[in-house]
Amino acid sequence: MILRFKLDENLPHKVEPALRDLGHDVETAISEGLAGAIDSDLLNACTAEDRILISLDLDFADIRVYPPQSHRGIWVLRPAEQTFDTILALALAGVRLSTVERTTGQLWVIDKKRVRIRE
């Protein structure tokens, strides 16, 4: 299944080609001129483009501000250390889970040991 992602500016730039190499449709906040944009503007762009947002920003995990039913999906990655390898591993864990779990209308908080899903 091909997923449509928008990567927040706080992710290493090498995550984009790694996900593209797997066949996914990937855009970045930076390439779309959204670097430095307020969070709601970034999520609105994701919603308009039917994309899952992948971010390291814990603000996106607040379901009172960003109710899950209002977007295509948000994945907040929580790496133990912020290296390319650990961040990519968490994104790939999300990709694997998406083969059996829907993403629409869900917040996923992905860390090394688990994926917490809020609807």
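Please count how many residues of the stretch 49-84 are touching a Leu at 6+ places or on another chain (Cβ under 8 Å) and either among the acidic types (Asp, Glu) or not in a loop (DSSP other than H, G, I, E, B) (or both).
Result for the stretch 49-84: 11.
Sort out which residues of the stretch 60-92 are under 18 Å from Thr28 (Cβ atoms) and either of a type in the set (Gly, Ala, Ser) or open to solvent by 40 Å² or more (accessible area, probe 1.4 Å) (or both), and write them in order of number.
Arg72, Gly73, Gln82, Phe84, Ala91, Leu92 - these are the residues of the stretch 60-92 that are under 18 Å from Thr28 (Cβ atoms) and either of a type in the set (Gly, Ala, Ser) or open to solvent by 40 Å² or more (accessible area, probe 1.4 Å) (or both).
Restricting to the stretch 18-32, give me the number of residues that are open to solvent by 60 Å² or more (accessible area, probe 1.4 Å), free of Cβ contacts under 8 Å to residues at least 40 places away in the same chain and either within 21 Å of Asp85 (Cβ to Cβ) or not polar (S, T, N, Q) (or both).
4
Scan the stretch 104-119 and give yes if some residue there is surrounded by 15 or more Cβ atoms within 10 Å (Cβ to Cβ), free of Cβ contacts under 8 Å to residues at least 60 places away in the same chain and polar (S, T, N, Q), otherwise no.
So far as the stretch 104-119 goes, yes, one or more of its residues are surrounded by 15 or more Cβ atoms within 10 Å (Cβ to Cβ), free of Cβ contacts under 8 Å to residues at least 60 places away in the same chain and polar (S, T, N, Q).
Filter the stretch 1-27 for residues that are in contact with a Leu (Cβ under 7 Å, 6 or more places away or on another chain) and not in a strand (DSSP E or B); which is nearest to Asp39 (Cα to Cα)?
Taking the candidates together, the pick is Asp8.
Against the definition (open to solvent by less than 40 Å² (accessible area, probe 1.4 Å), farther than 19 Å from Phe84 by Cα and in a helix (DSSP H, G or I)), how does Ala45 come out, yes or no?
So Ala45 passes the test.
Taking Glu32 as the residue in question, decide whether it is charged (D, E, K, R), assigned to a loop (DSSP other than H, G, I, E, B) and at pLDDT below 95.
yes
The values are calculated or read from the model by the stated rules, or taken from the named source; none is laboratory data. Remember, predicted model here, so these are calculated numbers, not experimental data. A quick note on method: Cβ atoms are made from the backbone with ideal geometry, for glycine too, and the neighbour counts reach across all protein chains shown. Protein only, heavy atoms only, side chains kept; ligands, DNA and RNA dropped before computing areas. Shrake-Rupley method; radii C 1.70, N 1.55, O 1.52, S 1.80 Å.
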